[in-house]
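Right, one structure below, let's go through it.
The values are calculated or read from the model by the stated rules, or taken from the named source; none is laboratory data. Remember, it's a predicted structure, so these values are computed and weren't measured experimentally. All Cβ positions, glycine included, derive from the backbone under ideal geometry; neighbour counts span all protein chains shown.
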Amino acid sequence: MMRHFLLIPHLKIHNANAMSSPYTIGFPAMTAWLGAVHALQRHLHQNQFTDIKLNSVAISCHQFDLQTYKGPGDFVHSIIGTANPLDKDGSRPAFIEEARCHLDVSLLVEFNGLDNDDRERFETLINQRLPCMKWASGDLLKLKPIEIYAVNEDDEHDIKHLLNRLMPGYVLVERRDLMMQAMKDEGLDALDALLSYLKIMHRSEQDEKTDKVTWTSKRKTNGWLVPIAVGFQGISELGKATNQRDHDTPHRFAESVVTLGEFKMPHRIENLDDVLWQYHVETEQNLYLCRTLTSSNLTGE
């Protein structure tokens, strides 16, 4: 079966939001990337491309610069804040720390609904729109023209050629399976399961003959594992709130959902569904998530 992809190569983003959840700082949340793709789809619909659907997206990070500082003798890093203008009396205004990052990413978006006769206008419209958009709350400094690919999902050469367009970089894969395994086998709660894969364990061994001590440091499993915000869980009933921005949509309070992700080189990916993220809603559990296609298929949803 043929699948169609839109490659948005090398978006250089300035001051993106690195506060991906209330308690994690690093790569922007998956909700930010899918939100930007959804905004792009709405723009297409407003310009006569009503049949276009941007179904899922993969993110490849080429460069990442977290705006933090660690001085000589410091134990932890500090956030580099922005210098806000002074008040009328010359005093500093109230300051809320905001973690920021500069990054270079490529997005691979699976889509359908494009007529070949409209391809040129489709490309022109997207190339004109991309510089006007916010990406993870950051400003776009530079980008390259988009590319469109048709890939036979049964052709390994086609898949490898497409993934090579995301090199050099690291694509984000969902690894909530590790957390589920730890919670099931070890009886850990979600936070302990998350931390068990992120912490570094230091061990020492002493040679009985020479009394030499050898230190080793390793994590629970191999791989570049990171905490990643993937959506929200509702903590109140649907209703209306005072001064809510959208008066036509029910409102509810929610808290962030964080799970494990893994950065992998694209040449190590064998199945495109492992890196393509899409929206997933579980109304019975009040969950509004971003999940990979593979993760959704494994649960039969």
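Structure values in brief
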{"quantity": "Qualifying residue in segment 129-139 (condition: over 19 Å from ASP65 (Cβ atoms), in the same structural domain as LEU162 (by TED's automatic domain parsing), in a loop (DSSP other than H, G, I, E, B) and touching a strand residue (DSSP E or B) at 6+ places or on another chain (Cβ under 9 Å))", "calculated": "yes"}
{"quantity": "Checklist (1) free of Cβ contacts under 8 Å to residues at least 60 places away in the same chain; (2) closer than 27 Å to ALA99 by Cβ applied to GLN46, failing item", "calculated": "(2)"}
{"quantity": "Strands (runs of 3 or more DSSP E) wholly inside segment 200-301 containing at least 1 residues that are under 30 Å from ARG3 (Cβ atoms)", "calculated": "224-234, 254-264, 277-282, 287-292"}
{"quantity": "Residue within segment 58-79 that is touching a helix residue (DSSP H, G or I) at 6+ places or on another chain (Cβ under 7 Å) and of a type outside the set (S, T, N, Q) present", "calculated": "yes"}
{"quantity": "Sole residue being surrounded by 13 or more Cβ atoms within 10 Å (Cβ to Cβ), within 24 Å of the chain's Cα centre (by Cα) and of a type in the set (Ser, Thr, Tyr), chosen from SER78, SER56", "calculated": "SER56"}
{"quantity": "Within segment 26-42, tally of residues that are within 17 Å of TYR288 (Cα to Cα) and free of Cβ contacts under 8 Å to residues at least 12 places away in the same chain", "calculated": "1"}
{"quantity": "Some residue of segment 95-113 being surrounded by 15 or more Cβ atoms within 10 Å (Cβ to Cβ) and among the basic types (Lys, Arg)", "calculated": "yes"}
{"quantity": "Test: residue in segment 152-167 that is in a strand (DSSP E or B), surrounded by 14 or more Cβ atoms within 10 Å (Cβ to Cβ) and at pLDDT 90 or above", "calculated": "no"}
{"quantity": "Residue selected from segment 1-29 under the condition of a type in the set (A, V, I, L, M) and within 14 Å of GLY231 (Cα to Cα), by the criterion surrounded by the fewest Cβ atoms within 10 Å (Cβ to Cβ)", "calculated": "MET19"}
